[in-house]
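As structure tokens, the structure follows; a few thoughts come after it.
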Amino acid sequence: MTDAAYLLVHEDREYLLEPGEEFGTDLGVLEVPEDVAAGDTVESHLGTPFEVRELRGPDLFDHLERTGAPMMPRDVGLVMGLTGVAAGDRVLDAGTGTGILAAHLGRVGADVTTYEVDPEFADVARENMRVAGVEERVEVRTGDLADEVDALVGGGDEDGGGDEAADPSAPFDVLTLDTGDAPAIVSRAPDLLVSSGFLAVYSPFVEGTREAVTAAREAGLAGIETLETIQREMDFSDRGSRPSTRGVGHTGYLVIARAP
């Protein structure tokens, strides 16, 4: 992984900038040196100091360009923890969107092939992978994975829109899906995954989750588990302690299964 961008921080201000970039703020103009490194201090032309920090996983959610609602960090953590994805794994992903999940997978050393049906979203995701420093590990393809399964299983080199690829064929170690047509892809999971490889399906709705579970059962997948992803912050005050009434506790549903 390369350091493609850094966070420049002053008190509650954070700016995601690249070496050599110039950026104007009300605290002065920032000129980021080409040889900048984490731990440095960069002053604006008005003398305001900014601490240079390495981009960390949670910063991706806060600062990458969005093309919709990205997967929440807690859900990314569940996918990674429950599939055990690790360095050297080959991951097949569909529903790239902003690319939050794909970037996290790339940052732990997995090699990711991810599909996005919207060409403009795919372009943004490619740029986000570059900014996150994982463009060499994450290949963003334009297309619908459901249309490419036969080519992947057959070892062909079709790439869902002309994007250059290296060894795109199955089997993969992990399959992650965040798409409306996930059940159709789940039915092919045994062909796409190594033996005991993991499937993770994320869905915002119960109906899609139930369809994914049904498809997993019919495909003969093992260890099928369905979770609702909920997280609540805590409020502490002089009056007492209780879960916060602010924010969104529920985000979606996650189906985990393994190939036979």
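The values are calculated or read from the model by the stated rules, or taken from the named source; none is laboratory data. From a predicted model like this one, the values you see are computed outputs, not experimental measurements. When we count neighbours, we look across all protein chains shown, and the Cβ atoms used for this are built from the backbone with ideal geometry, even at glycine. Each accessible area value is taken on the protein alone, full model and side chains, heavy atoms only, with ligands, DNA and RNA left out. Shrake-Rupley method; radii C 1.70, N 1.55, O 1.52, S 1.80 Å.
Some observations on this one:
- Computed from the alpha carbon atoms alone, the convex hull of segment 199-252 holds 85 Å³ per residue.
- Between VAL194 and LEU46, the distance separating the two model label sites (each 7 Å from Cα on the Cα→Cβ line) works out to 5.4 nm.
- Highest-fluctuation residue, PRO190, PRO171, PRO119 considered, GNM on the chain with Cα pairs under 10 Å: PRO119
- Distance between modelled label sites at ALA4 and GLU65, nm, 7 Å Cα→Cβ extension: 1.1 nm
- Fraction of beta bridges assigned by DSSP in the chain that are antiparallel (%, nearest 5): 65 percent
- Across the protein chains, with a 1.4 Å probe defining accessible surface, the residues MET129, MET71, MET234 rank MET234, MET71, MET129 from largest area downward.
- When trypsin sites (Lys or Arg not before Pro) are flagged only if DSSP places them in a loop and at most 16 other Cβ atoms lie within 10 Å, the longest unflagged stretch of the chain comes out as 67-231.
- Under a Gaussian network description of the chain, with springs only between Cα atoms under 10 Å, the residue in SER187, SER237, SER203 that fluctuates furthest is SER237.
- Segment 189-254 and segment 1-53: distance between their alpha carbon centers, rounded to Å: 37 Å
- Volume per residue of the C-alpha convex hull in segment 1-154, rounded to whole Å³: 125 Å³
- HN-Hα J in Hz across segment 118-135 - Karplus 6.51, -1.76, 1.60, θ = phi - 60°, x for Gly and Pro: 8, x, 5, 4, 4, 5, 5, 5, 4, 5, 5, 5, 5, 4, 6, x, 10, 5
- Per residue, the chain reaches -7500 deg cm²/dmol at 222 nm when only DSSP H runs of four or more residues are counted, each adding -39500 (n - 2.57).
- Solvent exposure of the chain amounts to 50 Å² per residue of accessible area, where only protein heavy atoms count and the probe is 1.4 Å.
- Per residue, the average separation of C-alpha pairs within less than 8 Å and at least 6 apart gives the chain a relative contact order of 13 percent.
- Note on the chain: semi-axes of the ellipsoid equivalent to its C-alpha gyration tensor, largest first and rounded to whole Å, are 36, 25, 14.
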